[in-house]
Structure formats: structure tokens, C-alpha cells
Amino acid sequence: MSLGITWTTDWIRESARVVAEHRVELINLDRAIGDGDHGENLDRGYTAVMAKLDDLPPDATPGDALKLVATTLISTVGGASGPLLGTAYLKAAGAAGAEKELDGAAVVALLTAARDGIVLRGKAESGDKTMIDAWTPAVDAAAAALAAGKTEAEILDAAATAAEAGAVATEPLVARKGRASYLGERAIGHRDPGAQSSSLLLRAAADAAKG
Ligand code: ADP
Ligand code: MG
Ligand code: MG
């Protein structure tokens, strides 16, 4: 089963739902090692996305929907995460192109493009205690699942599981990018809020593929 516009809009709706559900948790993570606005930033962004989602034309492609998320997040989220996630969705939209249906290889290409967009914009490397520490294990797990002949839903499930582990693995790290980098060793023991929110967004993608 390939993934089309229904999966894409289900993913977006589920993302908005989980961001709202985890708003306070993300605020508290960011309060510990940042400025405490991450949950607020994302909730504002996805609320704005939800207000525009029904305006998509009936023949919209996955790329059209991802582009709508990109432009809306860039204009409403602010902070470090707005331009970073906006770029991720913009590059994901570019990878999806004008296709109506995405197969496993296209799903891996979409996730890879999203991650590469975040790196291009934020210059973070693995282990810098950022959202990249969720995205890169997710991309690697997705590629491995594709190579093992898994379905689109299994590929996304593998990506989400790896992202969740990646977010947990940021806890012992010192941050080298973003506000948390000002804290030095005081960031140790705290999970990176952006890695946590990215793991939620990737789990939303997997849940949307279950139908
Ligand atoms: P701000 O720090 O501007 O208040 P947010 O709180 O919305 O923005 O987002 C903070 C998150 O952004 C961090 O937890 C981290 O995951 C991510 N982040 C910050 N800088 C970078 C970067 N250069 N590359 C990748 N991710 C980053
Ligand atoms: Mg913040
Ligand atoms: Mg801020």
C-alpha cells in the first residue's frame, strides 16, 4: 500500500493533535535547558496549519500538503525550531514532487530530504543534542527497513522507534547548538525538547500510515 494525500493530511492532523497533547511536556523540557517556549511555539504553528488544511484543493498532492505546512510553520512558529522544521517540510515537499502516491523508496527520500534540510539550515551534527539526534537515527532505520523489503507503514514505524530512542539518548549529552549550548554541563541529564517533538512528529507519521 503506497501513501497518498490521505496519509499526508492524516499525518498533519495527528501531528497537530500530539503537539497539543504534549504541549506542557515540551514546555517543561525547554524550560530546563532553553527558554520554555518550545511547546507553545509548535502548538501555535500546528494550530495555524489546521486552520488552513481544509483549503487544500481536492486534487492536492502530498507535496502540496507538506508545502502548506512548511510555509505556515515558517511564518508562525518563530524561535530556532520554526525555520528548522519549516525547511524540513519544504525539502520533504520537494522530494515528494508532484507524485500522488509515495512508495517505500519515496518515503525514505522524503525523510532524508527533511533531515538534510534541518542540517543545511542549522548546521548541527549528530551528538550536538538537537532534533537531528532524532532525525538521523530515524532516516537510518527507515533506509534499513526499505533495504529489508518492509512496507511503507513498517518503514515509518522503524523511523519513529529510532527517533524515540534518539530523543532519549540526548539526555546525557552536552548541547553544542541552540540555547541549551549556553548551559555547558548543566544540560546533562535533560532531554532535548526538539528531539522529543521530532520523535512525536515521526510517530504521528507512522500512526497515520496504519490507517
Ligand atoms: P528557541 O530555542 O529559539 O526558543 P525552540 O524552543 O522552539 O526555539 O526550539 C528549540 C529546539 O530547536 C532545540 O531543542 C533543538 O532541538 C532545536 N535546535 C536549536 N538549534 C538547532 C540547530 N542549529 N540545529 C538543529 N536543531 C536545533
Ligand atoms: Mg525555546
Ligand atoms: Mg524561544
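The values are calculated or read from the model by the stated rules, or taken from the named source; none is laboratory data. Just so we're clear, the structure is a prediction, and the values are computed from it rather than from any experiment. Every residue, glycine as well, gets a Cβ built from its backbone with ideal geometry; the counts of neighbours run over all protein chains shown.
Exactly one residue out of Arg176, Arg203 is at pLDDT 95 or above, more than 16 Å from ligand 2 (Cβ to nearest atom), of a type outside the set (Gly, Ala, Ser) and assigned to a loop (DSSP other than H, G, I, E, B), and it is Arg176. Residue selection: Ala167 fails the criterion of being assigned to a helix (DSSP H, G or I), aliphatic (A, V, I, L, M) and out of contact with any Ser or Thr (no Cβ under 6 Å at 6 or more places or on another chain).
The set of residues in the stretch 79-131 being assigned to a loop (DSSP other than H, G, I, E, B) and either under 23 Å from Asp59 (Cβ atoms) or within 11 Å of the chain's Cα centre (by Cα) (or both) consists of Gly97, Ala98, Glu99, Lys100, Glu101, Asp103, Met131. I want to confirm something. Restricting to the stretch 170-190 and keeping residues that are of a type in the set (Gly, Ala, Ser) and within 12 Å of Thr130 (Cβ to Cβ), which single residue is surrounded by the most Cβ atoms within 10 Å (Cβ to Cβ)? This residue is Ala180.
For the stretch 32-48, which positions are hydroxyl-bearing (Ser, Thr, Tyr) and buried (at least 19 other Cβ atoms within 10 Å of the Cβ)? Result: Tyr46, single match. In the stretch 50-68 there is no residue that is within 14 Å of ligand 3 (Cβ to nearest atom), basic (Lys, Arg) and not in a loop (DSSP other than H, G, I, E, B). Has the stretch 125-134 got any residue that is in contact with a Gly (Cβ under 7 Å, 6 or more places away or on another chain), charged (D, E, K, R), surrounded by fewer than 24 Cβ atoms within 10 Å (Cβ to Cβ) and over 27 Å from Thr72 (Cβ atoms)? No, that holds for no residue.
Just one of the listed residues (Thr170, Thr136) is within 16 Å of ligand 2 (Cβ to nearest atom) and without any contact (Cβ under 8 Å) to a residue 60 or more places away in the chain, and it is Thr170. Set side by side, the residues Gly122, Gly63, Gly97, Gly104 differ, and just one is small (Gly, Ala, Ser) and at positive phi, which is Gly97. Contact map, the stretch 94-113: first residue within 14 Å of Ala205 (Cβ to Cβ), second residue among the acidic types (Asp, Glu), Cβ cut-off under 7 Å, separation 6 or more or different chains; pairs are Gly104/Glu152; Ala106/Glu99; Val107/Glu152.
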